[in-house]
1. Here is a check on your reading of the model: is Q284 under 21 Å from A262 (Cβ atoms) and at pLDDT below 95?
2. Check M334, M308 and return the single one that is within 21 Å of D367 (Cβ to Cβ), free of Cβ contacts under 8 Å to residues at least 60 places away in the same chain and not assigned by TED's automatic domain parsing to the domain that holds G242.
3. Considering only segment 157-175, I want to know if a residue exists there that is within 22 Å of D276 (Cα to Cα), in contact with a Phe, Trp or Tyr (Cβ under 7 Å, 6 or more places away or on another chain), of a type outside the set (S, T, Y) and not assigned by TED's automatic domain parsing to the domain that holds L271.
4. Among the residues of segment 247-292, which ones are within 18 Å of the chain's Cα centre (by Cα) and among the small types (G, A, S)?
5. Being basic (K, R) and not in a loop (DSSP other than H, G, I, E, B) is the filter; apply it to segment 255-291 and report the residue that is farthest from D178 (Cα to Cα).
6. Picking from K342, K305, which residue would you name as being closer than 20 Å to V256 by Cβ, surrounded by fewer than 20 Cβ atoms within 10 Å (Cβ to Cβ) and not polar (S, T, N, Q)?
7. If a residue must be in contact with a helix residue (DSSP H, G or I) (Cβ under 6 Å, 6 or more places away or on another chain) and charged (D, E, K, R), how many such residues does segment 229-267 contain?
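The values are calculated or read from the model by the stated rules, or taken from the named source; none is laboratory data. Predicted model, so just to flag it, every value in this text is computed and none were measured. Glycine also receives a Cβ, built like all others from the backbone with ideal geometry; neighbour counts cover every protein chain displayed.
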Amino acid sequence: MRSIKHFFGKTGDGAWSVTEDGQIVFWNQAAVDLLGYAVEEAVDQYCWQLLVGLTPQGEPHCAPNCPVRQDIKNGSPVASVDIQLRHRNGHYVLTNMSTIPVPSEFEESFLVHLLRLRQQKWHAHQPFRIYLLGPLVVTRQDGSQVEGALWNRVKTRALMAYLVMQKGTAVSREQILDMLWPDLEYKAAMHNLNTTVYNLRRSLEPKLEKASQSRYLLYQNGCYRLAEAKKHWIDVDIFESGIRQARQETDATTAVSLYKTALSLYRGDYLFDLTDTHSWIRDQQFRLQEIYLRALAELASLYEKLDMAEEAIDTYQQILSIDCCQEASCRQLMSLFTKLGKRSEAIQVCQRLTQCLADELDILISDQTRALYNKIRDTV
């Protein structure tokens, strides 16, 4: 290692060396300046885990057996490549990387990477934060929100939402046409699709020189997909994983905190700004609303367990403000009001439920709810 430091310690290029399995064993000051990681933060880490390298188009590059390492092992020449590497602050830095195989006498090192900033039209890939719970909102990594006249067009946002739903899976033009323009003839629908693709690309990347060079909305073999879909932050994914984590937590106080954090992401029904024009949203909308209501009921139950009656009442009322036909929540709310000596409030809850079930579903309250109502009504 002393010889590696001797050769590359003071070079103006960022330099680091790795073992054959990709573990970093040397990291020079120029690499610190370029990527932000201190020497002690980088050394002993695996390069693909620390830097999560991407191509300029946002495709994965770094891996335990990346193309560069394969070429070296096969004895093939290794050309320099443009690559995006993750900075310590979370942003991506576009660099040009050269790779030098290390002679066998350097026991620890397998190869050395040399980096320099790449100045060209590409900018570092910056994943989006995508909010689907409520109206569609997309923000860039720098915090700016995707907006403008082209974005405000319903079909532009609908195309974005549909591609996000596919989780990076390529979708054929024909499938998109069926989803967004099912009633139009093929030629007219294709014209609309081309216009909408252009509008979406311009919305996501306003400074794009040519729409066809978009790094985010990719087209290949008659299919479209959202690049690096798994790297974008999506509220639905965080919401569902947060609820699962809360359900697995055995400590009630901690579980309450986890539920509240996850539930705070629910700004409204899934893509409710697009529901009226796109029926394919509704199944997902119903599914997520059910998860939300069930999680609220679980949170209310935890509040009861912790003797936090007022918080539990507020939560049950929140459930009923969304779906007045939730009988189990009504019964819990009736019982809570009764325990607090608020008998008239408990009776009103049942009366509202009775009316709601009749209006919405044309059914009567269950025997279980009626028995509870009679018990509360007859209590002196």
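1. Yes, satisfied.
2. Checking each option against the conditions leaves just M334.
3. Scanning segment 157-175 turns up at least one residue that is within 22 Å of D276 (Cα to Cα), in contact with a Phe, Trp or Tyr (Cβ under 7 Å, 6 or more places away or on another chain), of a type outside the set (S, T, Y) and not assigned by TED's automatic domain parsing to the domain that holds L271.
4. Selection gives A262, S264, G268.
5. Per the criteria, the residue is K260.
6. Result of the check over K342, K305: K305.
7. 1
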